[in-house]
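Report on the structure given below.
The values are calculated or read from the model by the stated rules, or taken from the named source; none is laboratory data. This one's a predicted model, so the numbers in the text were calculated from it and none came from an experiment. Here the Cβ is made from the backbone with ideal geometry for all residues, glycine too, and neighbour counts use every protein chain on show.
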């Protein structure tokens, strides 16, 4: 039986607001692990090495032919806290070299406990046992003339203190570590950061602190607002995944327990705002990626848009984050970026298109791959509205005159009741939609005072058959949005950061209070749909799928939502209830003699 979590609390100041913070007591390191085969564990994150903590063992040894590891090196932060890192360097250095930092609470040496090191979507032995989870592999980068620092951040592994997840303390520690690294005798004074997912999420906050020797970052997919992107996306609590993550952390102290804090502070406050980086302070070169299929998507896009660096690149792809990270093509691409800014090699990197996007079609086929663009979102976007008509479950180009409504059961459907509704519209011409969508619905709750709504934007053939795209060989439900209706109030100041020709193109919820529904009350809600890029051939259909639960089966991540649905959800359309979907229509770059050039 799993040990029950224990907690400690302390008063801390976040964004000028004194708040009682809750820390979960971390899973304790066990130093007598001679050889633990984590690949046989029932815990998927254990199989990927997250949270594993081998014995403390300060030494220098040859970790692989030609690669030296200085293990468990002590680094002292400005407040005296000691953290530990493993430094991997090429053997027999003759010149000073740059260093790539992997900064996270994931175990910095998972290979010590793995008989086989494999992550999903990546063939066995692709990544060496020297690599930290979701990070750069020393067995690649050291052979390219780089050092790699795998760090156990404050509170992780044998590092002192408590784990601070994406807070000001974490950012200050990152600053101190970067500046310490730059002073090492083997270092050329240029430091980069890399990694995907959790390892990418720290980079924006540390870069915003502007450590003088942090030269560039490559956050490959990252949630950048934990509150809005993860714990309360659309206002619906989603705590299980983050509880799962916190339970993996191994360390000597406590772990910033974001789930306990979400229960205690369910609305935005200084604690949550402290976890959002000040993107406009980042002026160094950035290589940001985003995957159309994963929950890091809105955060990755947000960071790129808001960053003020003149030297920034964005690549949006259809693959899952792990195979994208370790593919040979992408490793070479990242090497060119690092060679340019960490080694000052003039290799033509600046000619790389600022934006490259995969325009998805169906299953694992793309209409276009890595299509070059100059900006994100695209300047040639034409925002169009399609109006929902519940009378025939279609969408129209013009406002619908006649009022009508359709309903579905908010909770698990009984026999004879539907648990979702779908609105279809057939395209009369080849159509590309790339960018942000906005769904406005007029809704009513029958039998309850709230509604949790899950939306998918899908593609269907001319007969109405669903045409998914695939990720890790699983059918993806489509570009998504979520909404807890009691949290429908918008945040105009934040929406002003997402404008096109003076008008906002993406709704942002304030999440400062709740407004429950009264019996018979009909209200408008504005649902943010994550950005995407997809092509519809003439005759294919755009579909809006709406339900009271997230529709997906067979996915490996333990995602779930704490919904509050009872009775029926009613969607009103037509007349004064102008429910619509705003889409980012992308015209061809050039058209002649009946041919379109995209």
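Brief remarks follow.
- Count - residues of region 53-71 that are in contact with a helix residue (DSSP H, G or I) (Cβ under 6 Å, 6 or more places away or on another chain) and not in a strand (DSSP E or B): 1
- Scanning region 470-493 for residues that are in contact with a helix residue (DSSP H, G or I) (Cβ under 6 Å, 6 or more places away or on another chain) and either over 25 Å from residue 562 (Cα atoms) or part of a helix (DSSP H, G or I) (or both) yields a single hit, 487.
- Residue count, region 305-343 (criterion: buried (at least 21 other Cβ atoms within 10 Å of the Cβ) and without any contact (Cβ under 8 Å) to a residue 24 or more places away in the chain): 0
- Restricted to region 1-32, and to residues there that are assigned to a loop (DSSP other than H, G, I, E, B) and surrounded by 14 or more Cβ atoms within 10 Å (Cβ to Cβ), the residue that is modelled with the highest pLDDT is 15.
- Residue that is surrounded by the fewest Cβ atoms within 10 Å (Cβ to Cβ) [pool: residues in region 229-254 that are without any contact (Cβ under 8 Å) to a residue 60 or more places away in the chain and within 19 Å of residue 9 (Cα to Cα)]: 243
Table: residues versus (1) modelled with pLDDT under 95; (2) in contact with a helix residue (DSSP H, G or I) (Cβ under 7 Å, 6 or more places away or on another chain).
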residue: 274; (1), (2): no, yes
residue: 284; (1), (2): no, yes
residue: 318; (1), (2): yes, no
residue: 346; (1), (2): no, no
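- For first residues located in region 264-289 and free of Cβ contacts under 8 Å to residues at least 60 places away in the same chain and in the same structural domain as residue 308 (by TED's automatic domain parsing), partners that are surrounded by fewer than 18 Cβ atoms within 10 Å (Cβ to Cβ) and in a loop (DSSP other than H, G, I, E, B) and lie 6+ apart or on another chain with Cβ distances below 6 Å form the pairs 280/308.
- Residue identified as at pLDDT 90 or above and buried (at least 22 other Cβ atoms within 10 Å of the Cβ) among 135, 128: 135
- Residue 367, sole failed condition from (1) free of Cβ contacts under 8 Å to residues at least 60 places away in the same chain; (2) surrounded by 15 or more Cβ atoms within 10 Å (Cβ to Cβ); (3) over 23 Å from the mean Cα position of the chain (by Cα): (1)
- Residue selection: residue 531 satisfies the criterion of being touching a helix residue (DSSP H, G or I) at 6+ places or on another chain (Cβ under 7 Å), touching a residue at least 60 places away in the same chain (Cβ under 8 Å), crowded, with 19+ Cβ neighbours inside 10 Å and farther than 28 Å from residue 567 by Cβ.
- Output for region 72-116, where each listed residue is under 14 Å from residue 132 (Cβ atoms) and either outside the structural domain of residue 202 (by TED's automatic domain parsing) or outside any strand (DSSP E or B) (or both): 105, 106, 107, 108, 109, 110, 111, 112, 113, 114
- One residue from 128, 136 being in contact with a strand residue (DSSP E or B) (Cβ under 9 Å, 6 or more places away or on another chain), within 26 Å of residue 278 (Cβ to Cβ) and part of a loop (DSSP other than H, G, I, E, B): 136
- In region 564-593, the residues that are more than 25 Å from residue 236 (Cα to Cα) and modelled with pLDDT of 95 or more: 574, 575, 576, 584, 585, 586, 587
- Residue satisfying all of: in region 94-121; farther than 14 Å from residue 150 by Cβ and modelled with pLDDT of 95 or more; surrounded by the fewest Cβ atoms within 10 Å (Cβ to Cβ) among these: 95
- Residue match in region 426-441 (condition: more than 32 Å from the chain's Cα centre (by Cα) and either surrounded by fewer than 17 Cβ atoms within 10 Å (Cβ to Cβ) or assigned by TED's automatic domain parsing to the domain that holds residue 560 (or both)): yes
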